[in-house]
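The values are calculated or read from the model by the stated rules, or taken from the named source; none is laboratory data. Note that the structure is a prediction, hence the values are computed from the model and not measured. Ideal geometry is used to build each Cβ from the backbone, glycine not excepted, and the neighbour counts take in all protein chains shown.
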Amino acid sequence: MLPIKYNAKNVLLRWRSTLATILGIAMVVAVYVMVQALAVGLEKSSANTGDPRNLMIVRKGSQSESSSIVTLEQYRSLLYSEWIEHDANDRPLFTADVLTLVNLPRREQNGEANTTLRGIGPMGKVLRPQVKLVEGRWFEAGKREVVVSKRLAARFANFGIGDRFKTGPDWLTVVGWFDAGNCAFDSEIWADSDEVRALFDRDSYSCLLVRPVNAEGLTVLTKLVEEDKRLQLLAKNEVAYYREQTMTATPIKWLGNFLATAMSIGAILAAMNTMYATVGARTREIGTLRVLGFRRRTIVLGLLIEGMLLCSIGGVFGCLLALPINGYATGTIGFESFSETVFEFTITPALASQGIVFSALIGLFGTLIPAIKASRTPVIDALKSL
Amino acid sequence: MNPIVEIRKLSKVYAQGEIQVTALDNIDLDITPSDFLTLMGPSGSGKSTLLHIIAGIDRQSSGICKVQGIDLQGLNESALADWRNQNVGFIFQSFNLIPVLSAYENVELPLLLTRLGRPERRKLVQTALELVGLEDRAGHLPKQLSGGQEQRVAIARALVTDPALVVADEPTGNLDSESAQQVLEILQSLSRDAGKTVIMVTHDPRAAAFGNRTIHLEKGRFAEPSTSEAKA
Amino acid sequence: MTTTTFIIRNALRNKRRAFLSAMSVAVSLFLFVTLQVALRELTIPPEDIGASLRIAVRNKVSLAQPLPVRQLQVIEKIPGVAAVTPFSYFGGLFRNESFTTFAQFAVNPNRFTNVFVEAKASSEHLQAWIKNRGSCLVGLDTMERYDLKVGDRMLLTGTLYPADLDMKIVGTYQGTLDDRSVFFHHTYLDELTDDPGTVGTWWVRAASAEVAPQVIQSINSAFENTSSEVRAESERAFQMGFVSMWGNIKMLIDSICSAIVFTLLLVSVSTMSMAIRERFRELAILKAIGFRRNELLSFILAESLLLSLLGAVMGAGGAAWIFHYIDIQALSGGMFVYFEVTERMLGSAFLIAMVLGVLSGVVPGLSVCRMSVVDGLKTLD
């Protein structure tokens, strides 16, 4: 086996001539990581939403809460179930929410977008301990007041505490900001459900959220809801429900993979070119090694390691290049909700490792052919080469 | 004493474009152990080819070449590589040291193919470097050494596995006369004092004088009958 | 042998390197063009012929809020309004797909043809559609994609509406930019949903382009301070509203394009430099023979330009050729319809290739010019 330090030293020594390739690979990895960070961020914004103890009830066939309808009748038929947990004051942990999309202007003339306005029942906050008030106060029942997500407030106009905005027939006043720990609720505006129903002339609700007494209760309630043909409702664990709403990330992931594939072809060609040149300059050296007794496959392996090492250095640079984007908050239209979804670019350690492995693979495929060709040169020709 | 190298009816023909070139034409040769043999001749005479075949880095087209009783033709690539590692030391005109490795590491290279552990390797490398008088330059890179010093490191590398055969292809071609003298004296001592068989290709008659037997080649054949001129 | 043949032979002397260099330019320019095309389609949706006269009217709260039916009479009476139809997006799923590639709209068939004038259907199909409340008109693209015939049933599962549709296909239309949609009777939808008395949007055709802005204003003010205020806007503005919801996507794609071009530059410069350095000796000989510096420079430049332009032809030209022939709709699941490579994009690609060729030749070329003949001849490697 050739000593690793031989390969490592070669890579370090020839850094100048291979610099362009390293930088090129760095760019490829950086682009890949950034696009996937977008996808990861989008997925994450929906993934860790909800309390695992809760049960979400929506209309069967609806793709999101805002297009779901739960009638008053359906609401009442479930409200008094014995399987629902009660709080210290014996009130059922049960909320009927009404969601509506409201088209509002972004800050700094950045166009308009749909936002999700969620009217919650009195138990709505209790059932969602994820959501914490960070500034101002909660809205009061019976008033045209709202609290907005802090992250949403950063992106939209008129969301400062004390500001008002008009939608439908009336003005709504922002009285507080909340932080939901980077989950789906961070893209929402919350208000009192009765106020929202009155504002938009709605008879029905959008969905129900309940806390069953225990795990058995969850199963029983699910069965109850789904087997009642009259109801036409779907019951799902809250966390599972939100986790499945991640179709928005899909085209982005697709874009990331497409870009990665296309760019990697170019990168492999570049790596190949570099390795051909590198190997070409060392024909005599490789011949000497063979004379000394090193096998062909040992030499090929050594060159492969060099190529992979070289490209991995590029991969590490690429990840560093992409790093500043981590945590950058922005928003785009969510596929299922059809409203603005705020998210942060998220580079996880897994993603960074993916990027580096990706660059190593580029090195592998780019070096393979030059390495094999170099090892096949007959020893005497190698020694003779200038 | 049995000859260390036995060659019978050796021929090498290769194609250069469309022409067939005969590098060696039906050579017969015996080499005695501990000989310091010089191969001389004009360019294209086949002297390097003969050297390469004896050293196991080229194969003949026909004929037999046995080194230490082993017919090299019968060994496959891998076996030949192993055989070279243990039995032949190489010295080239352009030194052929690995630029990124230090003198010590260059000399150590052939030992990496053996099963020896680090302490044993260190002993052998140090011995080899002492033999050529470069133990204090062990940490230097080739570019930090003079031509003569580089060639001596190459000699140390050639000796480190204690091979029976040492082959040198124009070893003094790139050296000034003082370094050349040094190198040739070492080669001579290897043959006379260490009992190694040294085969050297050169076109410099002054270099050839260091050997105890000279063979002239021309167009793939011996130009004069091979005579043994044993020197005291 | 002329100078040109000399240059070409030189460029191709190391066929493998020439191929790799040209190919890496080709791949990167292909990617560049593809991204530009995608960006263009996403941010500047293509316009139909009748678009300049059409006006979209939606609830001011958001597109998701419905509008009351009684608004129709008011809109009809506004001066400058030539025709108006209800237009409600059904958003159903077809054949167990989790994501259906064609849209379905509930409209008033009689009024519809007056507003969307470019949709051409045979009068036989149109009459059949108008007469039969449970029937629908399907765009030609969808008919072909799913192998449907006139007379087949169109079954759709409701996601936005609590109703599933079961209709008969009585005709097809074509001639619009998006010949995929399904149009059916709003009365049929009303029947299935217990007639809530609402529509999704109104689409209006203005009598002429001059009066269109005035019509928009009139519609907006007609419903101010009512329980359902509206936002009327031109079809163009309506489309751009969707684009605006994407957010910073243009910036994202532009940045990626810049990254690609930059990477390309780096790699080409490095490849060319390697190629030149390999031939220092040979170039030194040319110098010794008597070729002047700028002649040598022009040889090198010509060679690098040749390779990069070849790459541009393969990459950008290849992209244009491929997108002309493949069905991008099928491949992208309906996300892209047109995918057109414009002349401007091809121009940019070739310009980039030229800059690339010049830069990657100049950098090593200058060092060749500076080298002395003696040094060059001494170069062994």
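Some notes on this structure:
- Some residue of the stretch A:177-191 being touching a residue at least 24 places away in the same chain (Cβ under 8 Å), of a type in the set (S, T, N, Q), surrounded by 16 or more Cβ atoms within 10 Å (Cβ to Cβ) and not assigned by TED's automatic domain parsing to the domain that holds residue A:26: yes
- You will find that of A:250, A:222, the residue that is away from chain C (no Cβ under 13 Å), of a type in the set (S, T, N, Q) and assigned to a helix (DSSP H, G or I) is A:222 and no other.
- Filter result for residue C:280 (surrounded by fewer than 17 Cβ atoms within 10 Å (Cβ to Cβ) and either at pLDDT below 85 or in contact with a helix residue (DSSP H, G or I) (Cβ under 8 Å, 6 or more places away or on another chain) (or both)): no
- Listed by position, the strands (runs of 3 or more DSSP E) contained in the stretch B:1-115 that have at least 1 residues being without any contact (Cβ under 8 Å) to a residue 40 or more places away in the chain are B:5-16, B:19-31.
- Restricting attention to the stretch B:97-123 and to residues that are more than 16 Å from the chain's Cα centre (by Cα), within 9 Å of chain A (Cβ to nearest Cβ) and of a type outside the set (D, E, K, R), the residue that is surrounded by the most Cβ atoms within 10 Å (Cβ to Cβ) turns out to be B:109.
- The listed residues are C:113, C:159, C:100, C:85, and the only one of them that is of a type outside the set (Gly, Ala, Ser), in the same structural domain as residue C:178 (by TED's automatic domain parsing), modelled with pLDDT under 90 and touching a Phe, Trp or Tyr at 6+ places or on another chain (Cβ under 6 Å) turns out to be C:100.
- Test: residue in the stretch C:225-239 that is touching a Leu at 6+ places or on another chain (Cβ under 9 Å), in a loop (DSSP other than H, G, I, E, B) and modelled with pLDDT of 80 or more: yes
- Residue within the stretch B:34-45 that is surrounded by fewer than 20 Cβ atoms within 10 Å (Cβ to Cβ), of a type outside the set (Lys, Arg) and facing chain A (nearest Cβ under 9 Å) present: no
- Close pairs (6 angstrom Cβ cut-off, 6 or more residues apart or separate chains): crowded, with 17+ Cβ neighbours inside 10 Å in the stretch A:197-214, modelled with pLDDT of 90 or more and polar (S, T, N, Q) anywhere: A:200/A:100; A:209/A:54; A:209/A:95; A:211/A:54
- If you go through the stretch A:265-305 and keep only what is assigned to a loop (DSSP other than H, G, I, E, B) and within 8 Å of chain B (Cβ to nearest Cβ), you end up with A:293, A:294, A:295.
- Residue check for residue C:106: of a type outside the set (D, E, K, R), in a strand (DSSP E or B) and at negative phi: yes
- The stretch C:67-102, residues that are within 12 Å of another protein chain (Cβ to nearest Cβ) and over 21 Å from residue C:184 (Cα atoms): C:98
- Where residue B:94 falls short, out of the listed (1) small (Gly, Ala, Ser); (2) facing chain A (nearest Cβ under 10 Å); (3) surrounded by fewer than 18 Cβ atoms within 10 Å (Cβ to Cβ): (3)
- Residue match in the stretch C:243-264 (condition: within 26 Å of residue C:107 (Cα to Cα), of a type outside the set (A, V, I, L, M) and within 13 Å of another protein chain (Cβ to nearest Cβ)): no
- Count of residues meeting criterion [of a type in the set (D, E, K, R) and closer than 30 Å to residue C:25 by Cβ] in the stretch A:263-302: 1
- Tally, over the stretch A:109-130, of residues that are surrounded by fewer than 23 Cβ atoms within 10 Å (Cβ to Cβ) and within 12 Å of chain C (Cβ to nearest Cβ): 4
- Of the helices (runs of 4 or more DSSP H) entirely within the stretch A:1-108, those holding at least 2 residues that are within 9 Å of chain C (Cβ to nearest Cβ) and under 30 Å from residue B:110 (Cβ atoms) occupy A:15-47.
- Flag: residue A:133 does not match the condition of being buried (at least 21 other Cβ atoms within 10 Å of the Cβ), in contact (Cβ under 8 Å) with a residue 12 or more places away in the chain and farther than 25 Å from residue C:67 by Cα.
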